[in-house]
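Down below is the structure, laid out as structure tokens.
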Amino acid sequence: MSEVKSVPAHYGRSRLTGRTRWRATRRGRRDGHAGIGAGHYAQELAGGLDMALDELRSGFVLRHAALIDRVKEESARIVTEYDRLHEDVPAALARFGGWVSQWRTEVTACQRRGLALAACADQELAHYQASYARAARQEEPPDAPSPRAAVLDGCWTGAPEWMLDDVLVRRALQILEQRLGPAAGQADRGERGTR
């Protein structure tokens, strides 16, 4: 039976293993002969994909907790010095811009691994549907909702702004954009300064 284990544990993979393809084909053949609807298999895949994405994201946030803390601490420092003390600290801004850029790069890589997992779940469903249609002697594969559509939300398909929704971080990003130009607030790379 295909459950959570059917979703590849290696997050960098964008294609199925032979064993997973074989298992999906065997299950599709069995369900097609028995006349069981294909929607339940898609739901199992969506549940497994959801758990795998949650694990991927929580592991990512845990591994990068120090970077999150640095970004938030530097945000507080920048907002305090620019808004309250009216001091110009370009080195702190450059350092903050570098950390934000590093964060966005890491989040983008994690999002791509999540999308690869979703592609694997869709591929597994396609193998299942093809085998099901052959066993049931249908010309068209049975309809089943895509696990990708059921599970992926804006955090996987949108801008890499995880954990950057804090009020101080948003204000620091505005200051960065005002001081260094619009490209700096959205840059994929930043310079690290010292102060």
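Somewhere in the stretch 84-100, is a residue hydrophobic (A, V, I, L, M, F, W, C) and open to solvent by 80 Å² or more (accessible area, probe 1.4 Å)? It would help to see each step written out before you state the result.
Step one: list which residues in the stretch 84-100 are hydrophobic (A, V, I, L, M, F, W, C), which gives 85, 89, 91-94, 96, 99-100.
From the residues that got through so far, the ones that are open to solvent by 80 Å² or more (accessible area, probe 1.4 Å) too are 85.
Yes, the stretch 84-100 contains at least one residue that is hydrophobic (A, V, I, L, M, F, W, C) and open to solvent by 80 Å² or more (accessible area, probe 1.4 Å).
Using the structure shown, decide if D88 is within 30 Å of R179 (Cβ to Cβ), at pLDDT below 90 and in a helix (DSSP H, G or I).
Details: within 30 Å of R179 (Cβ to Cβ): yes; at pLDDT below 90: yes; in a helix (DSSP H, G or I): no.
Judged against the criteria, D88 is not a match.
Scan the stretch 157-174 for residues that are part of a helix (DSSP H, G or I) and either in contact with a strand residue (DSSP E or B) (Cβ under 8 Å, 6 or more places away or on another chain) or buried (at least 16 other Cβ atoms within 10 Å of the Cβ) (or both) and report the count.
First, the residues of the stretch 157-174 that are part of a helix (DSSP H, G or I): 157, 167-174.
Adding the requirement that they be either in contact with a strand residue (DSSP E or B) (Cβ under 8 Å, 6 or more places away or on another chain) or buried (at least 16 other Cβ atoms within 10 Å of the Cβ) (or both) leaves 168-169, 171-173.
The total comes to 5.
Regarding A119, is this residue closer than 30 Å to F60 by Cβ, touching a helix residue (DSSP H, G or I) at 6+ places or on another chain (Cβ under 7 Å), open to solvent by 10 Å² or more (accessible area, probe 1.4 Å) and assigned to a helix (DSSP H, G or I)? So that I can check it myself, show each step before the final result.
Working: closer than 30 Å to F60 by Cβ: yes; touching a helix residue (DSSP H, G or I) at 6+ places or on another chain (Cβ under 7 Å): no; open to solvent by 10 Å² or more (accessible area, probe 1.4 Å): yes; assigned to a helix (DSSP H, G or I): yes.
No: the conditions fail for A119.
All but one of (1) touching a helix residue (DSSP H, G or I) at 6+ places or on another chain (Cβ under 6 Å); (2) surrounded by fewer than 17 Cβ atoms within 10 Å (Cβ to Cβ); (3) β-branched (V, I, T) hold for T80; state the number of the condition that does not hold.
All conditions are met except number (1).
Note down all Cβ pairs under 7 Å where the first residue falls in the stretch 43-68 and is at negative phi and free of Cβ contacts under 8 Å to residues at least 60 places away in the same chain, the second is part of a helix (DSSP H, G or I) and among the polar types (S, T, N, Q), and they're at least six residues apart or on different chains.
Sorted first by the residue in the stretch 43-68, then by its partner, the pairs are L67/Q102.
Which condition from (1) within 22 Å of C120 (Cβ to Cβ); (2) at pLDDT 90 or above; (3) buried (at least 16 other Cβ atoms within 10 Å of the Cβ) is the one that T20 breaks?
(2)
Could you tell me which numbered condition G32 fails, if it satisfies all but one of (1) of a type outside the set (S, T, Y); (2) at pLDDT 85 or above; (3) closer than 21 Å to A150 by Cα?
(3)
Quick one: count up the residues across the stretch 142-156 that are free of Cβ contacts under 8 Å to residues at least 24 places away in the same chain and in a loop (DSSP other than H, G, I, E, B). Walk me through how you get there before you give the answer.
Looking only at the stretch 142-156, we keep the residues that are free of Cβ contacts under 8 Å to residues at least 24 places away in the same chain, and these are 149, 153-154.
Those still in the list that are in a loop (DSSP other than H, G, I, E, B) too: 153.
Adding up the residues that qualify gives 1.
Taking the condition closer than 25 Å to R84 by Cα and of a type in the set (A, V, I, L, M, F, W, C), does V151 pass? Let's see the steps before the verdict.
Details: closer than 25 Å to R84 by Cα: no; of a type in the set (A, V, I, L, M, F, W, C): yes.
No, not satisfied.
The values are calculated or read from the model by the stated rules, or taken from the named source; none is laboratory data. Predicted, not measured: the structure shown is a model, and the values here were computed from it. FYI the Cβ positions are ideal-geometry reconstructions off the backbone, even for glycines, and counts take in every protein chain you see. Please note that ligands, DNA and RNA were not included when accessible areas were found on the heavy atoms of the full protein model with its side chains. Shrake-Rupley method; radii C 1.70, N 1.55, O 1.52, S 1.80 Å.
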